[in-house]
Structure formats: C-alpha cells, structure tokens
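Novice: Below is one structure. I have some questions about it.
The values are calculated or read from the model by the stated rules, or taken from the named source; none is laboratory data. Note that the structure is a prediction, hence the values are computed from the model and not measured. With ideal geometry, Cβ positions are generated from the backbone for all residues, glycine too; neighbour counts draw on all protein chains shown. For accessibility, only protein heavy atoms count, side chains too; no ligands or nucleic acids. Shrake-Rupley method; radii C 1.70, N 1.55, O 1.52, S 1.80 Å.
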There are 4 protein chains.
Amino acid sequence: MAPNSQPVLQVLVTGFEPFDADRINPSWEAARRLDGWQCDLGEGKGAAVVHARRMPCVFGAALTALDAAIDELQPDLVLCLGLAGGRSEITPERVAINVDDGRICDNAGCQPIDQPVVPGAPAGYFSSLPIKAVVNALRAAGIPASVSNSAGTFVCNHLFFGLMHRMATRPSRPGMRGGFIHVPLLPEQAARLPGALPSLALDTLVEGLRISVRTSLTVQTDLRETGGALH
Amino acid sequence: MAPNSQPVLQVLVTGFEPFDADRINPSWEAARRLDGWQCDLGEGKGAAVVHARRMPCVFGAALTALDAAIDELQPDLVLCLGLAGGRSEITPERVAINVDDGRICDNAGCQPIDQPVVPGAPAGYFSSLPIKAVVNALRAAGIPASVSNSAGTFVCNHLFFGLMHRMATRPSRPGMRGGFIHVPLLPEQAARLPGALPSLALDTLVEGLRISVRTSLTVQTDLRETGGALH
Amino acid sequence: MAPNSQPVLQVLVTGFEPFDADRINPSWEAARRLDGWQCDLGEGKGAAVVHARRMPCVFGAALTALDAAIDELQPDLVLCLGLAGGRSEITPERVAINVDDGRICDNAGCQPIDQPVVPGAPAGYFSSLPIKAVVNALRAAGIPASVSNSAGTFVCNHLFFGLMHRMATRPSRPGMRGGFIHVPLLPEQAARLPGALPSLALDTLVEGLRISVRTSLTVQTDLRETGGALH
Amino acid sequence: MAPNSQPVLQVLVTGFEPFDADRINPSWEAARRLDGWQCDLGEGKGAAVVHARRMPCVFGAALTALDAAIDELQPDLVLCLGLAGGRSEITPERVAINVDDGRICDNAGCQPIDQPVVPGAPAGYFSSLPIKAVVNALRAAGIPASVSNSAGTFVCNHLFFGLMHRMATRPSRPGMRGGFIHVPLLPEQAARLPGALPSLALDTLVEGLRISVRTSLTVQTDLRETGGALH
C-alpha cells in the first residue's frame, strides 16, 4: 500500500438513507460495505482508501451533509450513490441539472417543484468521472451497466448538482473528481414490491462499485465509446 | 384574426427528415400538417400563424437550417419536434445538454462521441416553454403527455441545444420562447417495426401540437405541478 | 349485399362494460361502433352483418350473456373483445385456459382464485380464428398487431374459454368460428392513468376490427407465419 | 437423511444447453449446481436427492432426452428449467400448451410453425407443482418471483407439454409431480446483450431452485393466493 511516499488517495463514497416507505436503500448498503476498503491502484500508482458516509434523503440537508464530509475528508474522489428503482443496471450519470422537482416528498416532507438547486448557478454540470471507462470496465467484469443521461429531479440529482457546483466554485484537491452512480433495487426489495422490477445482488453492487472507484482513480482520459441515447 | 392592430405572432415549427433507415418521420409529418395554421389566441390576444420547416437529421447542418429559418421568420415561438421511438406520449423536453454522442450515425454518416454541441457554451439550457402547462393542457384534451428530463444526445438534443444557445446569446424578438417536443412513432411505423412499440395517430399528434402552440403563446407563468422523476 | 341467394353471414362482436374504476372500456366503444356494419366479403362471397353486444365484467354472468347472444343470433362468427391495458397493439389471442384467478375483483365484487371456468372441461382451447392472417392483414394496413399467447386469467379469458367450450360441446352453425382479441387503452384513458401507458385511437381500433372480421370470414387456412414467443 | 426406512425421494432437475448464439444457459448452470444436492424435508419427512440432466434445445430431441431421464430415474418430482431472457423474476409456469411455434430456429435449425407438440393430445395441461406456494416461499426468502401464465411456444413449452402429457398418459410414481420454471438471464449475459435486460445472480437462482424443490415436495395443497393476470 503506497510504498515510497506515494500518498494514499482519499475516496468519499456516499449512499442515501431509505426513502419512500422502504426500510433499506441499496446505495447505502453498498457504500457501507466499501467503508475502509483499501484499493490497490496497480504498479507504482499507490493506493486509495474509501470512507463511506450516509446522506439524508432531504433536499438541502443532503448538501449540508455532503459539504461536511468533503470538508472533513478532503477527498480525491467523490462517488455519490443513489437508488434507481426500476433500472436493471449500474448507471453512471452523465449530467446534473439545476432543478428540484419532487414527484414525491423527501424524508422531511418537502416536495419542491421547479426550484433551482442553487439559485443563479448554471443549468447543468457534467460528471468528471470517466463514465464510459467505468461502464466498459463493469461490463468486462460481467456486471450490467450503461451510461444514464438523466439523474432525475429528486434528491439524487440535487446531491449530484450540489457536488459538481462545489467542485466548480470552491478550491479542492488538485485533480479531484466527482460524480454520481445510480444502482438498482436489491432482490429482497424487488421480491416485496409489485411490478416485476429488476434487481442486482448486493455482492454484485459492491464488486461493481469497487471497479468504479478503481477506474475513476486510474483512467485519466475517458474512452471514446458511445453511451448516447437517441432520445 | 388580430383585430385592432394586434400583431400576428409568428411561430416556427420544425420537424426532422426520416433517419435510421425509415422512410417517414412523424415529427415532420405533424409539422407540415400545421404549416399555415392560423391560431386564434382568444379574446383580445390576437392570433398566430405557423410556419413549418424540415430539418436535416445531420449534426451541424440541422443548426444551420434552424438558424436560417429563424433569421427568415423572426419568430415569437420556436417549437422543434423530433421522434422518440418507443415513447408512448407527447413529451415536452425540460433541458438540452451540451453534448453530441451518437448511438447511430446521422444522415451524413457522422457519429460524434462526447463532442460539445457548442464548444465553450454552458453544459445545459432549460426550455423556455411552459412545459407543465403544455402537459396539463394535453392531458385535459385526452392526449397522453408527460415532461421528459432528457432529450438524449443525438440530433434532437443537438438542435434543441443550438436553439437555446442562440436565444441566450443573440438578440431575438422580445418574449421569444423556444423548446423541443418529442413525439411517438406513428401506428404505421410501429406496425412494421419489431418489439410491440407504442404509437400515436397522426391526427392525435397534430391536435396535440396545436394545443402546445396555443399554450406556449398564452400561458406566461408555468404551472406548479410536478413533472419530476425520481431518477 | 348478398345478391343471388348468397346468405348474409351473422357476426357477433362483444365488448365489455367498464371495470377497475374506469368509466369507459375501449372494447365496448369499438364494438358498438361496428354494430350494424355491413361487411362486403368480395366477389361472389356475399356479405356479413355485425351485431354488437355488451358483456358484464362479471365471472359467470358474462358467460350467461354470451350464451344468450349466441342463442339469439346464431352467428357464423363470434369475436369477443377485451381491454389489455398496457399493451400497445391489437392482439388476437391464441389460447383460452380453464382457470379463473382474479388479480382484482370483478364488477360484482368476486375474486375467484384458481377455480376452473368449467369444472371437468379441458385445460385449454385454441382460438378458431385465423390469428396469423388477422395479424398479417392488420400490419399490412398499418395497424400494430401481434399474436398473444396468454389472455390472462380474468373475465376476458373466462369469456373466451366459455365461448370455445360451448363451440366444442354444443351444436352450432357449420363452419362457425370464434375467438378473442385484446385491444389497448384509448389515448384519453392513457392521458389520465399513471405510468406512460401506450394507447391506440378509437378510429384505429374500429378499422382494425373491421379488418379482423373480414379476414376471419374469408381466410380459410391460416398463414404459416411465426407468431411464437420464446417464453 | 431419511432415517428409519423413510425412502429418499428422487428429483430430476433439467436445464437447457445454450441457444440463440449464446454460450451459456443459466437454466443448466443452475441445474448442475443442484446435482447431488441432498434436500432435508424436515422432521419425519425424510429427504430427497437431486439429479441434474442437460436437455438439447431441439424440438423432439428434448422430449426424447427427458423421457430417457425419467425412465432411468423414476423421479418423484420433475422440475424442468428454461431461460426467459428479459424477465426479472423466477417464474413457475402455470400451463403448457400443445403448440410449437418457433420465433427462431432451434439448435438443429428447425423452426416449426403452429405444429402440435403431440398430435391428438389436449390443447393444454396445468402444472402439478404448487406454483403459488413456490412463489410465496421464494418471496419470503427475498427472491423475486411470480406466476407466469405463458411458457411461450418454443422448446421450453415443448418440453413442459411433453412432460405433462407423459404424466397424464403413462404410469408414474404415485404422487409424482412435474412442472416448469423459467429463470432470468445471468448478470454476465445481461452485461453483453443490448437493451438493459434484467438478470439474477447464479447464487440467487440456485437458492431459489432449492426452495422450489423443497416446497414442491412438502406442500400438498397449493396456497389460495392470486397469481392471476388481467390479460
């Protein structure tokens, strides 16, 4: 681990608390399984260590918690995770947009409609993760994955936008990267919800997120492979 | 029609030529059915007239054609239409993003990957149409509709982004509005494609677009109804 | 119409009353639009006339109503229609199965679970409509269609099974044919239901059912085209 | 294991060889993981042992192979497994129908269209597994499951029909039960196929099939819970 004065890179991985009447959230179940994980980055590239933090599923409060975790850890990489119930793959998000539009209430009972995440900020920010390389590495490991072109308009997008806005407007570690990855339901959730929803096992999620962390720390220039959508 | 010196508002509606080996494109079939339509805006509000223009399904050339049409018509409202094969509803788009990422080639054989639509421009622009009011008016008329939070990364998003960037950076008619609406396949297309794809009849599309034009010209402040997505 | 002593064929088309808290049912809206329609069967083949009857969405009572209509009309063709909310195509059903298993209650508040439609009857009956030819003719007319391999286990399948059991066990007109076709939601229903459901316009349904009637009366040997499903 | 002269029950579990250009088939991967498994049936109920056999994905030859395996093993329970690519759950099938209608060719290059599996046999047979109890037990264990009302018209349904026809027409072990269960893709398959298909991990499949075997051997009277479909 990080021989010869190679610094150990710090990685912040966040997951959300449960919401919408469920009692678990796979984004946090996966994040906490990564807590303390030492990631060997390969020959001469040193190592990284993951710190997991649980975020409230509350507009505003989620950003406050994220800010505090970044201030505390001064991470080189921030990977925020959230649940996308109904998706069948691990989906790195391409873009965060500056709008809160709640289809349901958050955990504090708030349901903002068409409010900016940050008033006066740009309409959008692109992820600074190598999202194509992450998808490629996941698929190569036999884990279903694709790029997503919308993170929605709920607390997930809110946190993602807040992260990218902070990185654009406040000093951070040189080369710091950040982004958001949505994960599917766990099988045990799909088993009790109506509608024959897809799921991925927790072990698959955890392995997929390890690959995502390692890829995000080691691939400088993203792949030129399409991750586009016709609409 | 526009009594008492009330000016007739000019509306540009664009549709795309066919692409991806198909021989028709419902966005253009609907747009040309609207060409020349005189829209009565209600008591004392005057009238509007629609001008339809067909856009090439080609990165770059589509923007050139749009620019020329706007220069020529100096419209008060620009409604760009495109096909979203697989969607079942008329879907006003919320946001355009500054990326071209072709899952397939355009009609000129080009397939840009992760290129900006406009280098140096912002990551995104929001539609200036009252998209919630449009959806509400469509549903009230019995036409399936919802807000979409991603216009994809192909020529549709490209044109939408180019439109919004022009409106943000060049002088235009005071109060000019612009945006993008995706439409489903026609039944005759769904009948020959595999996969049990949804469709809407051309008459339904045309009626829906008339409602969209009228609503976009008469509703100043958008409704506060959720059109959000959890992811 | 049926010159030279060619008899006029009698066609019974049934649709269901609304159910599951909705106020219309497209199967009946389409059926009643066909009532009284004179179908010219082509050179020397005479003609047919359609009689529409509305069926209660009630286990048992639906079969009683169907029996009465068949006794009254002595039809050459019976086409029963039902709503398949969520499907995007007109779908002739291949097979009826001898089970009632209600996911919801019928209009009389009953929810049988795993009861036979007709105790002691076979497990299934195949449609005697030329379902492949019907699908082929619909697609050729630009109307989305495909064969369905399951009519479910609610009142639609119940009526379909009852029809085929009667035809198998009681004397009827020589050459009599019968079967079931599911139809999608109407756009006005999809516009008020959640979930971006597909729909077909009533005019498209009516045209599609005319084609289905004519094809069922004129094609003796069904096409050998696959309508199969892998699962 | 089966103390005091309690006989050990024999269980035949079949899976299919790969088809449609894929190189693995999760139905066989799961079946062979069960081979030799000793299933303790609980206090005083003795035990069972599983024998896995691989079936060719070929019309006709599959039935020959199944017959040979049944003749050899004289099983108390036959559980045939097949792949349902695109489904997200483990789905016990309710009914087999007497038709072969290949959407693609089988592994011998044959594509029968609308041929009976067994000429002169009934149109359908119901599974004799307690399918509702199996679904209930799977969900209780956190494994997504539901009843399916159609096994399709390819080699899966063909094998299922052949099994049930043999059980209906030839002597077998008293109380012998048989049926078919479809399983989803594995994650590694979904990772290389287009279309964001759902999957279940092999460990989840194997655990689910163990539960299915035990439930099928111990539950005599099926649960009265709905597994119905509206269409």
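Novice: Given the rotation that superposes chain B on chain D, what residue of B brings its beta carbon nearest the axis, and what is the distance in Å?
Specialist: Taking Cβ atoms only, the nearest residue and its distance are B:G195, 5.
Novice: Dipole size in debye (nearest 20) for the protein assembly as shown around its Cα centre, Lys and Arg Cβ +1, Asp and Glu Cβ -1?
Specialist: Magnitude of the dipole: close to 0 debye.
Novice: Using label points projected 7 Å from each Cα along Cα→Cβ, tell me how many nm separate A:V118 and A:T169, to one decimal.
Specialist: Each label point is offset 7 Å from its Cα along the Cβ direction, giving 0.4 nm.
Novice: For segment B:10-48, which trypsin sites (Lys or Arg not before Pro) pass both filters: DSSP loop (anything but H, G, I, E, B) and at most 15 other C-beta atoms within 10 Å?
Specialist: Values: sites: B:R23, B:R32, B:R33, B:K45; in loops: B:R23, B:K45.
Sites meeting the loop and neighbour criteria: B:R23, B:K45.
Novice: Given a cut-off of under 8 Å on Cα pairs at least six residues apart, what relative contact order in percent is computed for chain C?
Specialist: Computed value for chain C: 25 percent relative contact order.
Novice: In the neighborhood of A:V206, defined by Cβ-to-Cβ distances under 9 Å, what is the net charge if each Lys or Arg adds +1 and each Asp or Glu adds -1? Walk me through the numbers before you get to the answer.
Specialist: Working: positive: A:R33, A:R210; negative: A:E29, A:D203, A:E207.
Within the 9 Å Cβ shell, the charges total -1.
Novice: Now for a different question. Quick one: accessible area per residue over chain A, 1.4 Å probe, rounded to a whole number of Å²? Let's see the in-between values first.
Specialist: Numbers: 8400 Å² over 231 residues.
With all protein chains present, chain A gives 36 Å² per residue.
Novice: I've got another one for you. Using a 7 Å offset from Cα along the direction of the beta-carbon, what are the separations from C:G175 to the same position in each other copy, nm, ascending?
Specialist: 5.5, 6.8, 8.3
Novice: Within the protein assembly as shown, count lysine pairs with alpha carbon atoms under 22 angstrom apart where the residues are 8 or more positions apart or belong to different chains. Walk me through the numbers on the way to the answer.
Specialist: Numbers: A:K45/A:K132; B:K45/B:K132; C:K45/C:K132; D:K45/D:K132.
Number of lysine pairs found: 4.
Novice: What FRET efficiency comes out for the pair D:C105/C:I24, r = Cβ-Cβ distance, R0 = 51 Å, nearest 0.05? Please report the intermediate quantities before stating the final value.
Specialist: Numbers: r = 44 Å, r/R0 = 0.86.
Once rounded, the FRET efficiency stands at 0.70.
Novice: Further question: Give me the distance in nm between label points sitting 7 Å out from Cα along the Cα-to-Cβ direction at D:Q6 and C:D203, one decimal.
Specialist: 7.0
Novice: Which whole number gives the average count of other chain Cβ atoms within 10 Å of the Cβ atoms across peptide A:195-205? Don't skip to the end; give the middle numbers.
Specialist: Details: counts 3, 9, 4, 11, 11, 7, 7, 1, 3, 6, 0.
Mean inter-chain Cβ contacts per residue within 10 Å come to 6.
Novice: Post the alpha-carbon centroid distance, segment B:144-195 to segment A:102-136, in whole angstrom.
Specialist: Segment B:144-195 and segment A:102-136 have Cα centres spaced 21 Å from each other.
Novice: Next question. Restricting to segment C:8-218, compute how many DSSP beta bridges are antiparallel as a %, nearest 5. Walk me through the numbers before you get to the answer.
Specialist: Numbers: 10 of 34 bridges.
For segment C:8-218, the DSSP antiparallel bridge percentage is about 30.
Novice: Once the other residues with Cβ under 12 Å from the Cβ of B:V11 are scored (Lys, Arg +1; Asp, Glu -1), what is the net sum?
Specialist: Neighbour charge sum, excluding B:V11 itself: +3.
Novice: With a 1.4 Å probe and every protein chain left in place, tell me how much accessible area D:D203 has, in Å² to the nearest 10.
Specialist: Spelled out: D:D203, probe radius 1.4 Å, area about 100 Å².
Novice: Quick check: net charge around D:L129, other residues with Cβ under 10 Å of its Cβ, Lys/Arg +1 and Asp/Glu -1?
Specialist: Taking every other residue near D:L129 into account, the sum is +1.
Novice: Note down the accessible area of A:E17, probe 1.4 Å, to the nearest 10 Å².
Specialist: Solvent-accessible area, nearest 10 Å²: 40 Å².
Novice: Inter-copy label distances at B:P116, 7 Å along the Cα→beta-carbon direction, one decimal in nm, shortest first?
Specialist: So the label point of B:P116 gives 2.0, 7.1, 7.3 nm to the other copies.
Novice: If you place +1 on the Cβ of every Lys and Arg and -1 on the Cβ of every Asp and Glu, how big does the dipole about the Cα centre of chain C come out, in debye to the nearest 20?
Specialist: That gives chain C a dipole magnitude of about 360 debye.
Novice: Could you please tell me the mean projected area of the C-alpha convex hull for segment A:47-135, averaged over all directions and given in square nanometres to one decimal?
Specialist: Mean shadow area of the hull around the Cα atoms is 7.3 nm².
Novice: Which number do you get for Rg(Cα) / (2.2 N^0.38 Å) in the protein assembly as shown? Before the final figure, lay out the partial values.
Specialist: Details: Rg = 29.9 Å, N = 924, 2.2 N^0.38 = 29.5 Å.
Dividing the Cα Rg of the protein assembly as shown by 2.2 N^0.38 Å gives 1.02.
Novice: Name the residues whose placed amide hydrogens come within less than 5 Å of the amide hydrogen of B:R53, ignoring near sequence neighbours (fewer than 5 apart) on the same chain.
Specialist: Long-range HN contacts for B:R53: B:V13, B:T14, B:G15.
Novice: For chain C, how big is Rg over Rh, using alpha carbon atoms and the Kirkwood form of Rh?
Specialist: Working: Rg = 16.8 Å, Rh = 17.7 Å.
On the Cα set of chain C, Rg over Rh gives 0.95.
Novice: Please compute, for peptide B:153-159, the average count of beta-carbon atoms on other protein chains lying within 10 Å of each residue's beta-carbon.
Specialist: On the way: counts 10, 4, 1, 3, 5, 0, 0.
Average per residue, whole number: 3.
Novice: Within chain C, which whole H helices from DSSP have a Cα span along their axis of at least 15 Å and a mean Kyte-Doolittle hydropathy of -1.0 or more, if any? Please report the intermediate quantities before stating the final value.
Specialist: Values: long enough: C:61-73 (18 Å, 1.05); C:155-169 (21 Å, 0.67); C:202-218 (24 Å, 0.47).
Helices passing the filter in chain C: C:61-73, C:155-169, C:202-218.
Novice: Provide B:D76, B:D114 ordered by accessible surface of protein heavy atoms (probe 1.4 Å), highest first.
Specialist: B:D114, B:D76
Novice: Amide H to amide H under 5 Å from A:H231: which residues, 5+ apart in sequence or cross-chain, H placed 1.01 Å off N in plane?
Specialist: Residues meeting the criterion, in which the H sits 1.01 Å from N, are B:T153.
Novice: Work out, in µm²/s and without decimals, the Stokes-Einstein translational diffusion coefficient of segment B:1-81 at 10 °C, 1.306 mPa s, Rh from Kirkwood over C-alpha pairs.
Specialist: Approximately 118 µm²/s, per Stokes-Einstein.
Novice: Shifting gears a bit: Placing a label point 7 Å from Cα toward Cβ, how far apart in nm is D:G86 from its equivalents in the other copies, listed shortest first to one decimal?
Specialist: Nearest to farthest, the other copies are at 1.4, 1.4, 2.0 nm.
Novice: Nearest 100 Å² is fine: how much accessible area is buried between B and A, summed over both sides, with a 1.4 Å probe? Walk me through the numbers on the way to the answer.
Specialist: On the way: alone 10510 and 10500 Å², together 17960 Å².
In total, this chain pair buries about 3100 Å².
Novice: Carbon and sulfur: what percent of chain A's accessible surface (1.4 Å probe)?
Specialist: 51
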